[in-house]
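Below is one structure, written out as structure tokens, with a few remarks after it.
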Amino acid sequence: MSNAQLEIQLIASLVAIACAIPGTFLVLRKMAMISDAISHSILPGIVVGFFITQDLNSPLLILLAALTGVITVVLVEYIQKTGLVKEDTAIGLVFPVLFSIGVIMIAKNANDVHLDIDAVLLGELAFAPFDRLLISGIDVGPKSLWVIGVILLITIVLLLAFFKELKLSTFDKGLAASLGFSPVILHYGLMTVSSITTVGSFDAVGAILVVALMIAPAATAYLLTTDLKKMLVLSIIFGVVSAISGYWFAHWLDASISGSITTMLGLLFLIVYLFAPSKGVIAVLYREKQQRIEVSLLTFLLHLKNHDEDNERHVNHLNEHINWQKVRSKTVLDLALRNNMIVIDNKIVSLTPKGDMFTTQAIDYIITNEDTQIEDMKNDFFLFRG
Amino acid sequence: MKQKIAVQVDDLTVAYNYKPVLWDIDLEIPEGVLMAIVGPNGAGKSTLIKSILGILKPIAGSVTIYGKPYKKQRSLVAYVPQKGSVDWDFPTTALDVVMMGTYGSLGWIKRPRQKEKKASLEALEKVGMLAFKSRQISQLSGGQQQRIFLARALVQDASIYFMDEPFQGVDATTEIAIINILKELRKAGKTVVVVHHDLQTVPEYFDWVTFLNVKKIATGPVKDIFNDNNLTKTYGINYKVSVQE
Ligand SMILES: Nc1ncnc2c1ncn2[C@@H]1O[C@H](COP(=O)(O)OP(=O)(O)O)[C@@H](O)[C@H]1O
Ligand SMILES: [Mg+2]
């Protein structure tokens with residue numbers, strides 16, 4: 001692996017981490033769209049910053065452009081507050097306007113600005129290692145590595161310092177405000193970090209990948225865990241894994257690196273979306289099927305409990321009586337037998353003491369919804385898992 | 001003996017987008033009462049609590065807690081928001097939510113430690129939810145979620161408790177458990193303010209009541225002012241509840 005290859009992967013990984021951290025909170029705050037808005041509306045900020053500094057990696061340019069990002073958020077919220085349009089509409093109104101202002105500024109000054117829209121949207125990681133940072137003549141590495149490294153460091157320090165506050169204000173704004181943790185300050189803090197990360201990353205990876213790196217890893221992690229810290233760690237891992245595998249995918253296909261990383265992010269999400277243990281599509285379908293069977297089982301057991309007459313408990317009669325298809329009756333009979341809940345004697349079905357107790361408890365549970373007594377039954381039956 | 005005033009609201013007007021939803025509210029809440037705020041949907045009950053707690057900025061008027069602005073008295077006040085105001089799919093556990101009640105006394109940056117955890121476990125125990133401490137909050141029933149919120153307020157160890165519809169969507173057992181805890185708080189000299197919907201139970205649960213519908217209709221002891229006249233004024237229709245003697 002050449003030095004340049006290593007540097008590209010390092011930059012992509014740092015960008016992934018720097019995006020995953022604010023991204024996790026954006027996803028939990030249901031503000032995924034805002035990152036899209038920020039990533040586009042920073043364009044005029046970048047152009048103005050470029051006129052002034054003539055350097056895409058200058059800190060001043062990054063701050064100016066980040067300011068445009070925060071202004072976007074303010075505008076969106078202002079329009080939304082008028083109550084005339086919903087949030088997504090407000091976002092849709094604001095960022096195309098700011099973005100096109102940026103596009104016009106670039107077109108009008110084509111001679112002075114060495115910027116093109118493609119590079120802004122898609123970035124070009126492959127070129128990142130060519131722009132070196134020289135300190136008194138010594139090459140200390142690619143500029144974008146330093147830019148994103150510093151931004152990441154600040155993000156991590158802020159996260160460690162304000163984790164509790166961010167968590168509280170994301171979960172319960174009202175309590176945060178009443179305890180004196182201003183949700184407004186935390187909100188704009190998060191918006192500022194998101195904007196700075198976006199600006200700092202766009203030169204290397206482009207606006208579209210920034211959005212993907214903010215939202216996709218967090219959305220993927222959300223499907224896998226019920227713990228905020230784990231969600232942050234998983235988002236970071238998913239981001240880095242996509243960055244590195246995306247790089248090699250692009251290398252193999254000789255395609256755009258940003259595009260390949262985005263593809264990896266999408267693939268990873270799809271896999272988890274399908275196979276996640278409890279929130280995944282397959283797990284949900286399986287659970288629903290089990291629940292259907294268990295409801296049938298309960299109906300069946302209850303029927304046995306309520307009827308002493310032999311004819312009501314004859315195997316054949318159960319088919320027509322409860323009006324199930326053969327297959328379903330067989331599944332239910334098997335399940336009940338396997339759990340020693342019934343015995344079949346001469347085609348007459350009757351409840352065992354265990355089956356009788358289970359039925360009583362289950363009905364009790366469904367009526368009272370009182371949880372504590374049936375905690376141990378939950379392991380065997382989906383029905384009670386809520 | 002003159003009772004101390006725990007909460008004093010003067011000429012409070014609150015608006016959303018310049019449309020006032022509370023008009024010129026004057027209200028005194030004496031120390032040590034268990035007070036219900038009643039009024040129809042949209043009467044501004046939640047808005048009143050949020051304004052007292054500094055969550056919303058009023059366009060006019062002032063609020064004091066034991067004579068000082070809320071900002072100076074935060075540690076004296078605990079808050080239970082309406083259950084629907086948070087996302088119960090948030091990735092966190094019951095214990096973690098209760099621990100949030102300790103954040104106020106910790107202040108910025110400092111993390112909760114063993115002491116805060118112990119207090120939170122005790123609060124969970126008090127509301128009968130210790131067995132569920134590690135449960136993800138979406139896996140709790142409505143009543144259990146409400147108990148978690150109550151535990152979070154208890155751990156704040158405040159003097160004044162504000163609760164927005166703590167009985168919403170809870171079963172009878174939980175309702176009794178909650179009201180018993182509220183009565184215990186009153187016995188310990190705390191002031192408890194509850195937004196309440198079930199008019200039938202007002203005389204049984206509370207000793208003080210405020211009728212609210214955009215304006216304050218009446219406030220005072222339940223036995224003096226909880227009558228058909230005030231109910232009619234508040235709810236608009238000819239309201240009758242049979243108050244059991
Ligand atoms: N965030 C908000 N923006 C605009 N209007 C609001 C907002 N919250 C509440 N309202 C309006 O203010 C009025 C009072 O609401 P609220 O205090 O929630 O009533 P209550 O708690 O008594 O049901 C209602 O008309 C409601 O529609
Ligand atoms: Mg309300």
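The values are calculated or read from the model by the stated rules, or taken from the named source; none is laboratory data. For clarity, every value in this text was computed on a predicted model and none was experimentally measured. Glycine also receives a Cβ, built like all others from the backbone with ideal geometry; neighbour counts cover every protein chain displayed. Note: accessible area is taken over every heavy atom of the protein model, side chains too, but ligands, DNA and RNA are not part of it. Shrake-Rupley method; radii C 1.70, N 1.55, O 1.52, S 1.80 Å.
Residues that are open to solvent by 20 Å² or more (accessible area, probe 1.4 Å) and over 15 Å from B:Q82 (Cα atoms) within the range B:156-174 comprise B:Q156, B:D157, B:S159, B:D171, B:A172, B:T173, listed in sequence order. Residues in the range B:159-179 that are small (G, A, S) and assigned to a loop (DSSP other than H, G, I, E, B): B:S159, B:G169. State which residue pairs qualify: first residue free of Cβ contacts under 8 Å to residues at least 60 places away in the same chain and inside the range B:154-168, second residue within 16 Å of ligand 2 (Cβ to nearest atom) and of a type outside the set (S, T, N, Q) in any location, beta carbons under 8 Å apart, and separation of 6 or more residues or different chains. Qualifying pairs under 8 Å: B:F167/B:H196; B:F167/B:H197; B:F167/B:D198.
Of the strands (runs of 3 or more DSSP E) entirely within the range B:10-74, those holding at least 1 residues that are in contact with a helix residue (DSSP H, G or I) (Cβ under 8 Å, 6 or more places away or on another chain) and more than 23 Å from A:F181 (Cα to Cα) occupy B:19-30, B:34-38. Just the residues that are at the interface with another protein chain (Cβ under 9 Å from one of its Cβ atoms), of a type in the set (F, W, Y) and without any contact (Cβ under 8 Å) to a residue 60 or more places away in the chain, please, taken from the range B:65-89. The answer is B:Y70, and nothing else.
Among the numbered conditions (1) away from chain A (no Cβ under 14 Å); (2) within 20 Å of B:V194 (Cβ to Cβ); (3) away from ligand 2 (no atom under 16 Å from the Cβ); (4) surrounded by fewer than 22 Cβ atoms within 10 Å (Cβ to Cβ), the only one that B:I59 does not meet is (2). Based on what the data block shows, is B:V170 within 29 Å of B:L76 (Cα to Cα) and modelled with pLDDT under 90? In short, yes. Annotation: of all residues in the range B:23-37 being more than 9 Å from ligand 1 (Cβ to nearest atom) and among the β-branched types (V, I, T), the one that is surrounded by the fewest Cβ atoms within 10 Å (Cβ to Cβ) is B:V33. When each of A:A243, A:A218 is tested for being surrounded by 19 or more Cβ atoms within 10 Å (Cβ to Cβ) and farther than 26 Å from B:P112 by Cα, the lone residue that passes is A:A243. Screening B:L95, B:L124 for residues that are aliphatic (A, V, I, L, M), within 20 Å of the chain's Cα centre (by Cα) and more than 9 Å from every other protein chain (Cβ to nearest Cβ) leaves exactly one candidate, B:L124.
Could you say which residue among B:P40, B:P20 is within 16 Å of ligand 1 (Cβ to nearest atom) and farther than 29 Å from B:I178 by Cα? Explain how you work it out, then say what you get.
Details: B:P40 fails: farther than 29 Å from B:I178 by Cα.
Among B:P40, B:P20, only B:P20 is within 16 Å of ligand 1 (Cβ to nearest atom) and farther than 29 Å from B:I178 by Cα.
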